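Inspection log for the structure reproduced underneath, given as structure tokens.
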Amino acid sequence: QVQLVESGGGLVQAGGSLRLSCAASGRTSSTYAMGWFRQDPGKEREFVVTINWSENTYYADSVKGRFTISSDNAKNTLYLPMNSLNPEDSAVYYCAASESPFSGTFPREYNYWGQGTHVTVSS
């Protein structure tokens, strides 16, 4: 089992920045990739970005150039600095981990999830 705990969400004005963190514990050696998803109430969970253990990354077009995923393997922590935030970025952000080397942009490809952290961007 892998446990994921997100932090760093909050309220920010449009144009501002936040940095999300995801601390992983447990059998992290079993995971090939990690990612961030977000979800608005009543909507489907949306892919944001993924990174694998070769540090290959893939971003959703909506966040490309504004969000930058990184990982500190020594601390088993994933980071997501988010810049130039706009109200459309408001959502609950979830950290996810996958045991598959073929994981990508679909939530079903990820085995473990954190509890989520709220991000609200005011206009």
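The values are calculated or read from the model by the stated rules, or taken from the named source; none is laboratory data. Since the model is a prediction, treat every value here as computed from it, not as a measurement. All Cβ positions, even for glycine, are placed from backbone atoms using ideal geometry, and neighbour counts span all protein chains on display. In case anyone asks, the SASA skips ligands and DNA or RNA and just uses the protein heavy atoms, side chains included. Shrake-Rupley method; radii C 1.70, N 1.55, O 1.52, S 1.80 Å.
Look at the alpha carbon pairs under 8 Å that are at least 6 residues apart: their mean separation over the length of the chain gives a relative contact order of 37 percent.
Just check the range 13-55 against the gyration tensor rule for me: Cα atoms, a ≥ b ≥ c as the square roots of the eigenvalues, rounded for a/c under 1.5, and otherwise prolate or oblate depending on whether a/b exceeds b/c. Prolate shape, in that a/c is at least 1.5 and a/b is the bigger ratio. Distant-in-sequence amide contacts of Tyr58, defined by a placed amide H-H separation under 5 Å and a gap of 5 or more residues or a different chain, comprise Thr50.
Sequence-ordered 3J(HN,Hα) estimates for the range 54-63 from the Karplus curve with 6.51, -1.76 and 1.60 and θ = phi - 60° stand at 8, 6, 7, 10, 9, 10, 5, 4, 5, 10 Hz, glycine and proline given as x. Each Lys and Arg Cβ is given +1 and each Asp and Glu Cβ -1; about its Cα centre, the range 28-104 then shows a dipole of about 100 debye.
Using θ = phi - 60° in the Karplus curve 6.51 cos²θ - 1.76 cosθ + 1.60, the 3J(HN,Hα) couplings for the range 97-113 round to 10, 10, 9, 9, x, 10, 5, x, 9, 9, x, 5, 7, 10, 8, 10, 9 Hz; x is entered for Gly and Pro. Between the amide H of Val2 and those of Arg27, distances stay under 5 Å, these residues lying 5 or more places away or on another chain, with hydrogens modeled in the peptide plane. Quick note on the chain: its Rg to Rh ratio, both from C-alpha atoms and Rh being the Kirkwood radius, is 0.94. Residues whose amide H falls under 5 Å from that of Tyr32, counting only those 5 or more places apart or on a different chain, are Ser98, Glu99, Ser100, with hydrogens built in the peptide plane. By accessible area, using a 1.4 Å probe on protein heavy atoms only, the range 1-80 has 46% of its surface on carbon and sulfur. Applied to the range 83-93, the Karplus parametrisation 6.51 cos²θ - 1.76 cosθ + 1.60 on θ = phi - 60° returns per-residue 3J(HN,Hα) values of 10, 6, 5, 10, x, 5, 7, 5, 4, 8, 9 Hz, with x for Gly and Pro.
Summed over the residues of the range 1-69 and divided among them, the accessible surface reaches 56 Å² per residue at a probe radius of 1.4 Å. When nucleic acids and ligands are ignored and a 1.4 Å probe is applied, Thr50 ends up with an accessible area of around 20 Å².
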